[in-house]
Amino acid sequence: MSKDVATLGKGFKLGSGNGDGPPETYADIKGIQSPKFNPPGAASPEKVKVTSGSTTGNIHEYIDGWSDRVPGELTCELVFDGGDSTHGRLESDYEVGTERTYQLTVPVKTGGTKIATVEGRLSKFEISSDIEGVVKASLALSFIEDTFEWAP
């Protein structure tokens, strides 16, 4: 994030949509972690053992397999309202792995906001409650490809 983005999370909003109208917004965000970006090639591919009867020298042979590289991730926590249909949609999206366009609205120290969009899917959705009875949902939004982009 740039230096002008506020260090406090107050005013941060997360929205999602599927292209059929304005994004639905989840404004009751309690906390957010700065987006983490993994540059191309950041994850090492899994090594696949291909040793066979024709292998020479008594040394196992390996080739590169698939990589678990995720282009980036954003984690946040929101005050969860089970009666709110948009919150229910988050849970449903997580369960089925729905890909959506997400919009992040971040307050800026100098006033106003900065907006970014990213294609992603929820890779974590956990509901919990503390002793004071606040029900929270912890979210992790995994980016699809390298689609994170700040609006000009």
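Taking amide H as placed 1.01 Å from N in the peptide plane, T147 has its amide H under 5 Å from the amide H of E119, each at least 5 places away in sequence or on another chain. Here the stretch 113-147 is scanned for amide nitrogen atoms under 15 Å from the site 7 Å beyond the Cα of T98 along Cα-to-Cβ, giving 120-125. Amide H contacts of D84: none lie under 5 Å away among residues 5 or more positions distant or on a separate chain (H built 1.01 Å from N in the peptide plane; Pro and chain starts excluded). Give, as a single signed number, the net charge of other residues whose beta carbon lies under 13 Å from the beta carbon of T75, with Lys and Arg counted +1 and Asp and Glu -1. Surrounding charge for T75 is +1.
Read-outs: derived from the displayed coordinates by stated rules, not from any lab. Bear in mind the structure is a predicted one, so any value in this text is a computation, not a measurement. Please note: Cβ atoms are built from the backbone with ideal geometry, for glycine as well, and neighbour counts cover all protein chains shown.
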